[in-house]
Amino acid sequence: MTTRRLFLGACAGLALAPALAAMPRRPVRVGLTPVFLGDQHGLLADWRAYMEAKLQQPVVFVQRDSYRETMDLLRLEQIDFAWICDYPFVYLRKQVRLLAVPRFKGRPYYRAYLIVPARRLDVTSLLDLRNKIFAYADPYSNTGYLAPRYQLRQLGEDPGKFFKRTFFTYSHHSLIEAVADGLADGGSVDSYVWDALSKIRADITGRTRIVSQSPEYGFPPFVANHAVSAESFQSMQKMLLTMADDGAGKVLLERLDLDGFVVGDARNYQLVARMMREFGEE
Amino acid sequence: MPLRSLFNLSFRYKIPLWGSVLIVTTAVITSTALFLHSYDDVKRDMLRNATSQGQILAKTLVPVLLQDHVWQAYEIINAPLHGATRENAIQADTLLVLDAQRQVYVSTRPRRLPMLADFARRSGEYALVAASIAKMGDETSVISPVASDYLYVATPIMDEQTRLGTLIQIYSKKILWPRFIASAGQLSWVVLLVLAVLLPINWYWGQRTAMPLLRLTERMEQLGHGLPDELPAKIYDYEDELGRLFQAYNRTLQQLREKALIEGEIIHSERLVAIGRLAAGIAHEINNPLLGMLTSINTLRHHGAPDARTSKTLTLLERGLTQITETVAALLVEAKVNSRDFAPQDIDDVQTLIAPQANKRRVTVVWTAGLSEPVPLPSTLVRQVMINLILNAVQASEEGGGVEAAVALSGAVLLFEVVNGGRSLSDSQTEHLFEPFTNAGENGRGLGLWVCYQIVKQLGGAIAVDSTMAAGAGRTRFEVTLPFAAR
């Protein structure tokens with residue numbers, strides 16, 4: 001959203017002012033997508049400060065309203081690194097390099113939750129939502145779009161006609177709210193976001209109910225575009241991988257509801273690639 | 001009849017009551033009008049806000065609808081529902097966007113008005129609203145279904161000339177009440193304040209108008225039984241009708257008093273005239289046989305050669321008859337005597353004559369004699385009047401007291417005045433003062449003042465008495481005026 005971007009820009013400007021003299025190099029630009037609870041301004045500011053201290057280089061977070069825009073920025077080399085969903089990663093596999101993957105509940109995986117309004121006890125599976133209103137997160141989201149559509153396809157349904165009406169919220173957080181408010185009869189959401197939100201806003205997640213969980217998918221990874229120098233790639237990767245080893249990094253990871261980062265393995269994303277093939281993409 | 005008894009009330013209550021009724025009625029009517037006006041104001045205010053808010057939202061919704069961003073539309077229409085405070089309590093109950101087919105595109109209450117629901121079919125009231133929306137133009141319109149608790153503010157969402165949909169803001173009429181009550185509360189305080197000022201003023205003014213009327217009425221009612229008091233001017237000294245009524249009353253009362261006084265004087269003097277006439281008649285009737293009896297005794301004494309015992313009896317008879325003669329003579333005041341004019345020398349004589357009596361009672365007589373030459377009045381009679389009055393004054397004074405005597409000339413009138421202390425005269429004493437034998441005491445037969453009165457009347461003058469009691473000391477003053485023909 002526009003306001004959010006402006007706000008972050010202002011924060012960045014303030015924090016940069018004294019540091020710039022000591023850090024003459026061009027800033028590292030990191031793209032963020034709503035694969036996590038992206039609207040915690042304090043957390044983002046602290047994380048950025050942490051990165052700057054570690055990299056000895058200014059850092060700029062670049063946020064966009066949709067995954068698509070961040071993907072474009074990566075392709076156009078407008079950003080150096082990005083934390084993107086596994087679906088765009090597979091989609092952009094040839095243009096980006098895997099940098100690091102967060103560990104969530106000890107492992108670099110996450111799932112899709114099928115959620116409905118809490119009072120809709122009659123819904124026991126995705127099939128009960130036939131001819132209902134369904135909320136998707138983003139057209140380039142795995143758990144928020146690809147996964148439920150793939151599941152329908154597996155069940156022999158046409159995802160394009162199964163629901164009466166679908167719409168995109170362009171963020172998992174908003175998707176949870178849309179289902180909680182009853183605007184949508186159901187939605188498919190990132191398990192990591194739902195779990196994180198349930199810790200700080202149980203009043204919202206409490207109004208939703210998880211009907212089913214998908215198989216595990218590789219967790220949304222941090223990627224680097226191809227133009228990033230090896231030196232920059234390594235320092236950024238090192239910074240992420242060692243976050244869990246120092247106090248400040250640990251605190252940030254706790255706030256992010258993550259355990260740490262691992263190098264990651266592109267094979268973890270083969271399931272996504274198969275799902276994409278099912279829809280003729282890749 | 002209770003109404004009649006209301007009208008029978010004293011002005012003391014009626015005037016303030018009527019005033020109060022008028023004031024309260026005016027206050028009630030005025031405040032009712034203001035209350036209604038205030039309610040309209042609050043409503044108009046709400047509709048104005050709703051209209052401008054609707055227009056802003058509708059404009060914002062255009063690109064959102066064009067791009068079919070349901071969630072963004074939901075966030076936009078939810079925005080006005082957040083951040084409500086007590087001050088801007090006028091907030092829509094529900095906002096919703098209808099698409100061009102009048103289906104719910106999105107609403108702030110998805111459970112009651114879910115997406116894609118046919119708005120008109122959700123309730124009878126909504127059907128009426130939907131019908132109005134179908135007919136409305138490109139301007140915001142307020143739809144107020146009869147007997148509904150809600151107001152609907154419908155704003156078309158226009159992209160150029162194309163109508164994408166309609167934004168509806170649903171307001172509960174109940175939310176007007178807190179605002180209305182707040183402004184009505186202020187108004188009520190003002191009205192109560194005005195009443196708190198006006199009612200006491202009205203009550204005071206009513207009393208001020210009624211009290212003089214009450215006093216006047218009380219006095220008018222007393223008129224039949226005697227002469228009431230005058231109305232003190234301070235009760236009401238204005239020149240309006242009431243004030244003039246007061247003046248008229250006081251004037252009438254004054255005239256009645258004067259008339260009563262004159263009547264009293266006339267009765268008094270007539271009585272004295274009658275007594276005088278009676279006394280004169282009796283005196284004449286007695287005088288003739290008396291003279292005969294005295295002559296007979298005289299004859300018997302000189303020619304009847306009475307013995308010693310008879311002579312003694314004759315002497316007793318003669319003495320008794322002589323006393324009767326003197327008494328009758330005293331009653332019969334005869335002013336037609338030839339006498340020289342009253343001169344300053346006579347005043348000296350009078351002083352000399354009364355001195356022994358005054359000395360006896362150790363009473364000081366202070367003289368003020370303003371006479372330098374004789375005046376054409378019979379000296380014998382004037383001297384007698386003066387002697388009688390001064391001796392009376394000496395007798396009436398306390399021992400060691402003082403008497404003032406004054407003689408003066410005023411044009412062709414001789415003034416004579418005697419003042420003494422001692423006890424003042426009672427009203428009944430004054431009433432019969434100049435009648436014979438009324439003041440008979442240890443020192444006389446009570447004929448002194450009678451004689452004075454007769455003499456003064458016969459000389460065409462006047463005699464007046466004025467006796468007052470002040471600070472424990474009496475002051476009695478006789479005043480004689482004797483006119484004379486100037487030579």
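Bear in mind that the values in this text are calculations on the coordinates, not laboratory data. Everything quoted here is computed from the prediction, not taken from an experiment. Ideal geometry is used to build each Cβ from the backbone, glycine not excepted, and the neighbour counts take in all protein chains shown.
Spatially, segment B:148-217 and segment A:214-243 are offset by 68 Å when compared through their Cα centroids. Within chain A, helices built from complete DSSP H runs that reach 15 Å or longer along their own axis (Cα positions) and carry a mean Kyte-Doolittle hydropathy of 0.5 or higher are A:2-19.
Which GluC sites (Glu not before Pro) from segment B:86-192 combine a DSSP loop assignment with at most 13 other Cβ atoms within 10 Å? Walk me through the numbers on the way to the answer.
Values: sites: B:E87, B:E125, B:E139, B:E160; in loops: B:E87, B:E139, B:E160.
The qualifying sites are B:E87, B:E139, B:E160.
With Cβ to Cβ distances under 12 Å as the rule, what net charge do the other residues near B:W367 carry (K, R +1; D, E -1)? Walk me through the intermediate numbers first.
Working: positive: none; negative: B:D348, B:E404, B:E417.
Computed value for this residue: -3.
Can you list residues whose amide H is under 5 Å from A:V28's amide H, if they're 5+ apart or on another chain and H is modeled 1.01 Å from N? HN-HN under 5 Å from A:V28: A:V59, A:V60.
Model label points for B:V413 and B:L9, set 7 angstrom from Cα along the Cα-to-Cβ axis, are 5.8 nm apart. With a ≥ b ≥ c the root eigenvalues of the C-alpha gyration tensor of chain A, is it rounded (a/c under 1.5), prolate (a/b larger than b/c) or oblate? Cα axes put chain A in the prolate bin. Here the Karplus relation 6.51 cos²θ - 1.76 cosθ + 1.60, evaluated at θ = phi - 60°, turns the backbone of segment B:392-397 into coupling constants of 4, 5, 4, 5, 6, 5 Hz, with x for every Gly and Pro. Net length available on complete extension from B:L261 to B:Q103 is 46.1 nm, with 0.36 nm assigned per residue and the Cα-Cα distance removed. Applying both filters, DSSP loop and at most 12 other Cβ atoms within 10 Å, to the GluC sites (Glu not before Pro) of segment B:390-437 gives B:E399. Between A:E69 and B:S428, the simple label model (points 7 Å from Cα in the Cβ direction) yields a spacing of 12.6 nm. Can you tell me which aspartates and glutamates have their Cα less than 18 Å from the Cα of B:K43? Leave out same-chain residues fewer than eight positions away. Partners found: B:E87, B:D93, B:D149.
Start at zero, step by 5 Å, and the Cα-Cα distances of segment A:104-159 spread as 4, 16, 25, 25, 17, 9, 4, 0 percent across the bins. Start at zero, step by 5 Å, and the Cα-Cα distances of segment B:241-331 spread as 3, 11, 12, 11, 8, 8, 6, 6, 6, 5, 5, 4, 4, 3, 2, 2, 1, 1, 0 percent across the bins. Once backbone amide H atoms are built at 1.01 Å from N, A:K105 has A:D259 as its partners under 5 Å, excluding neighbours fewer than 5 places away on the same chain.
Give me the extension gain from B:L66 to B:S172: residue separation times 0.36 nm, minus the current Cα-Cα distance, reported in nm with one decimal.
35.1 nm
In chain A, the calculated helix contribution to ellipticity at 222 nm averages -12000 deg cm²/dmol per residue, counting -39,500 (n - 2.57) for every DSSP H run with n ≥ 4. Working note: Karplus 6.51/-1.76/1.60 with θ = phi - 60° gives segment A:106-111 the couplings x, 9, x, 10, 8, 9 Hz, where Gly and Pro are set to x.
Between A:E278 and B:R48, what is the FRET efficiency for a Förster distance of 51 Å, r being their Cβ-Cβ separation, to the nearest 0.05?
Numbers: r = 56 Å, r/R0 = 1.10.
It comes out at approximately 0.35.
Using a Förster radius of 22 Å, what is the FRET efficiency between B:E404 and B:T380 based on their Cβ-Cβ separation? Nearest 0.05, please. Please report the intermediate quantities before stating the final value.
Details: r = 24 Å, r/R0 = 1.10.
The value I calculate is 0.35.
Taking the charge dipole of chain B about its Cα centre, with +1 at Lys and Arg Cβ atoms and -1 at Asp and Glu Cβ atoms, the residue from B:L433, B:G224, B:L300 reaching farthest to the positive side is B:G224. Would you mind pulling out the separation of the Cα centroids of segment B:266-302 and segment A:82-112, in Å? So the separation of the two Cα centres works out to 164 Å.
Each residue of segment B:312-318 was assigned a 3J(HN,Hα) from its phi angle through the Karplus expression (A = 6.51, B = -1.76, C = 1.60, θ = phi - 60°), giving 4, 4, 4, 4, 4, 4, 4 Hz with x at Gly and Pro. Take the Cα of A:S212, step 7 Å toward its Cβ, do the same at B:T252, and the gap between the two points is 11.3 nm.
One-quarter of the Cα convex hull surface for segment A:112-214, in nm²? Mind dumping the intermediate values first?
Numbers: hull surface 21.7 nm².
So the mean shadow area of the Cα hull is 5.4 nm².
Applying both filters, DSSP loop and at most 14 other Cβ atoms within 10 Å, to the GluC sites (Glu not before Pro) of segment B:273-334 gives B:E334.
Positive-end ranking of B:G206, B:P156, B:Y39 along the dipole of chain B, with charges on Cβ about the Cα centre, is headed by B:P156. In terms of distances greater than 25 angstrom between alpha carbons, the cross-link table entries A:K94/A:K199; A:K161/B:K135; B:K259/B:K457; A:K105/A:K132; A:K94/A:K238 yield A:K94/A:K199; A:K161/B:K135; A:K105/A:K132. Between B:A182 and B:R319, the contour length at 0.36 nm per residue exceeds the Cα-Cα span by 37.8 nm. Per residue, the convex hull spanned by the Cα atoms of chain B amounts to 331 cubic angstrom.
Fewest Cβ neighbours within 10 Å first, please rank B:K360, B:K43, A:K238 accordingly. Write out the running numbers ahead of the final one.
Values: B:K360 10, B:K43 19, A:K238 13.
If I rank by nearby Cβ atoms, fewest first, I get B:K360, A:K238, B:K43.
A cut-off of 5 Å between modelled amide H atoms, ignoring neighbours fewer than 5 places along the same chain, links B:V363 with B:G400. Its Cα centre serving as origin, chain B has a Cβ charge dipole (Lys and Arg +1, Asp and Glu -1) of approximately 1200 debye. Within the listed set A:I79, A:I115, A:I133, the residue fluctuating most in the Gaussian network model of chain A (springs between alpha-carbon atoms under 10 angstrom) is A:I133.
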